[in-house]
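None of the figures in this text is laboratory data; all of them are computed from the coordinates on show. Bear in mind the structure is a predicted one, so any value in this text is a computation, not a measurement. With ideal geometry, Cβ positions are generated from the backbone for all residues, glycine too; neighbour counts draw on all protein chains shown.
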Amino acid sequence: MKADESSNPTTCVVMLGNGPLAAASSLEAAKADVMARETRSRAQDEYHWSEPRPGEWRLMARSEGRKRFSWTQYWIAVVPTAMGQGGAR
């Protein structure tokens, strides 16, 4: 998902299940964070990113020798950036 940063700033929230873990200013940085977390325990798996809905990215993995990918518990929500004290002008 690409957004015009000047008119629609977004934040990418790294999620584990239903809980937020971290925030990033770009989708690439959020994906790198998720991969670092996931590969700590499953380094031999093959990974694939899926966008089942606009603004939602889910990490899929499959073990070596398996045919199908399955969703991991990690996903990224691309949300509007919250502005402090009256927002940006």
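Structure notes:
- Net length available on complete extension from E56 to A22 is 10.7 nm, with 0.36 nm assigned per residue and the Cα-Cα distance removed.
- Gain upon complete extension [R42, N8; 0.36 nm per residue less C-alpha separation]: 8.7 nm
- Here the residues M60, M83, ranked from fewest to most Cβ neighbours within 10 Å of their Cβ, fall in the order M83, M60.
- Computed log₁₀ I(q)/I(0) - Debye formula, equal Cα scatterers, no solvent, region 1-81, q 0.20, 0.26 Å⁻¹: -0.85, -1.28
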